[in-house]
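In what follows, a structure is listed as structure tokens, so that the remarks can point back to it.
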Amino acid sequence: MSIPMNIGEAAKASGVSAKMIRHYESVGLFPEAARTDAGYRQYTDKEVGTLRFIRQSRDLGFSIEQIRELLALWQNRKRPSRQVRALAQAHIEELEAKVKDLHAMKATLEHLVHCCAGDDRPDCPIIDTLAAGPTPAGAGAHGHGPTDGLRPGRSVRRTA
């Protein structure tokens, strides 16, 4: 039998901040802790293990909802591993899409930086492009994604 820990001790043992433990409780990802007569939260080694599982899942970029599913699968000892694999594979595909979006953002910023003289003049294609806002869909740009029509090689509109 383990000695109950307070939230600070559980945070230190799990690597999850006390603030995040309270957040996970509030969104129902982690069960509310037992409380002492004085109202202090108490955690067992089992609960700290669950917090570590959550932290590891977050470190891999899983969303709260995905972690909820992973926790249910982890707690079901009769689960088929194909369900866990499918969830992880879907997450890989999401990560690949994010990487693609990040590369597009980087390429756009590189293009804008290349187009900016970076001198003492106020003219700046970076600021001009940011101020122009997203291009409406169907106006020659993709109209979706993190760069909303900003593409390397695309001329920057200048206003007089």
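The values are calculated or read from the model by the stated rules, or taken from the named source; none is laboratory data. As the structure is a computational prediction, the values presented were derived from the model and not from experiment. Quick reminder, even Gly has a Cβ in these numbers, built from the backbone with ideal geometry, and neighbours come from all protein chains shown.
Figures for the structure shown
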| quantity | calculated |
| --- | --- |
| In the range 1-50, residue surrounded by the most Cβ atoms within 10 Å (Cβ to Cβ) [restricted to those that are assigned to a helix (DSSP H, G or I) and among the acidic types (Asp, Glu)] | 47 |
| Options 86, 132, 137; residue that is modelled with pLDDT under 95, within 27 Å of the chain's Cα centre (by Cα), of a type in the set (A, V, I, L, M, F, W, C) and not assigned by TED's automatic domain parsing to the domain that holds residue 58 | 137 |
| Residue match in the range 98-116 (condition: assigned to a loop (DSSP other than H, G, I, E, B) and under 24 Å from residue 14 (Cα atoms)) | no |
| Residues of the range 51-72 satisfying the condition of being part of a loop (DSSP other than H, G, I, E, B) and not aliphatic (A, V, I, L, M) | 61, 62, 63 |
| Test set (1) assigned to a helix (DSSP H, G or I); (2) among the basic types (Lys, Arg); (3) not assigned by TED's automatic domain parsing to the domain that holds residue 17 - residue 121 fails condition number | (1) |
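Here is a yes/no grid of residues against (1) under 19 Å from the mean Cα position of the chain (by Cα); (2) more than 25 Å from residue 98 (Cα to Cα); (3) without any contact (Cβ under 8 Å) to a residue 12 or more places away in the chain:
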{"site": "13", "(1), (2), (3)": "no, yes, no"}
{"site": "35", "(1), (2), (3)": "no, yes, yes"}
{"site": "38", "(1), (2), (3)": "no, yes, yes"}
{"site": "72", "(1), (2), (3)": "no, yes, yes"}
{"site": "82", "(1), (2), (3)": "no, no, yes"}
